[in-house]
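What follows is a set of notes on a single structure, which appears directly below.
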Amino acid sequence: MKIVNKKNIVSVICVTYTFVSISLTVLEVLVSGTVSPAQLNLFLFLIFSILGVGVLSQHYRLERFSPVAMLLIQYLCAIGVIFIGTKIAACFVDIHPNGLRDLILSFSVPYVIGAAIYYISLWLEVNRQNQIIRKIKESGKKKDC
């Protein structure tokens, strides 16, 4: 059985890269005892990635809303978490006056791209499943006749 194949090779590369990058960065921080801005940025974007995936994965809880409302609610929840996290961090470290704006922009661009890919993929999968159901129903009707 092949674990890595043509369908999942990009995902495997991404997961491996993330694991190696984060592991080496944690090791560097533990050895040096300090966190550089580049290392902090890497951890920040890991947190942003977790936040984005976490928010998108909750779409099923918002199915009673229109798709546009669902997207806005998810985005605003994510931005709210970033806002609260930035305010909490400001209690411990100095935040640049444009820091919140920069964080929101740094999150928003990849989030919008990722959300578009996610929802287009979801829509295509739902359409594929609907076609399968339609074919099963049609074949069931033919058997009844």
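The values are calculated or read from the model by the stated rules, or taken from the named source; none is laboratory data. These figures come from a predicted structure and were not determined experimentally. When we count neighbours, we look across all protein chains shown, and the Cβ atoms used for this are built from the backbone with ideal geometry, even at glycine. In case anyone asks, the SASA skips ligands and DNA or RNA and just uses the protein heavy atoms, side chains included. Shrake-Rupley method; radii C 1.70, N 1.55, O 1.52, S 1.80 Å.
Quick look at the numbers
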| item | result |
| --- | --- |
| Spacing of the two label points (7 Å from each Cα toward its C-beta) at Lys2 and Arg61, in nm | 3.9 |
| Longest site-free stretch - the chain; sites: trypsin sites (Lys or Arg not before Pro), DSSP loop, at most 10 other Cβ within 10 Å | 65-145 |
| Cα-centred dipole magnitude for the stretch 23-125, charges only on beta-carbon of K, R (+1) and D, E (-1), debye, nearest 20 | 240 |
| Choice from Ser108, Ser32, Ser49 showing the highest fluctuation, given a GNM over the chain with Cα pairs closer than 10 Å | Ser32 |
| Length released on extending from Ser11 to Lys137, taking residue separation times 0.36 nm less the Cα-Cα span | 41.9 nm |
| Heavy-atom surface of the chain, accessible at 1.4 Å and reported per residue (Å²) | 78 |
| Sulfur and carbon atoms: percent of accessible area, the chain [1.4 Å] | 72 |
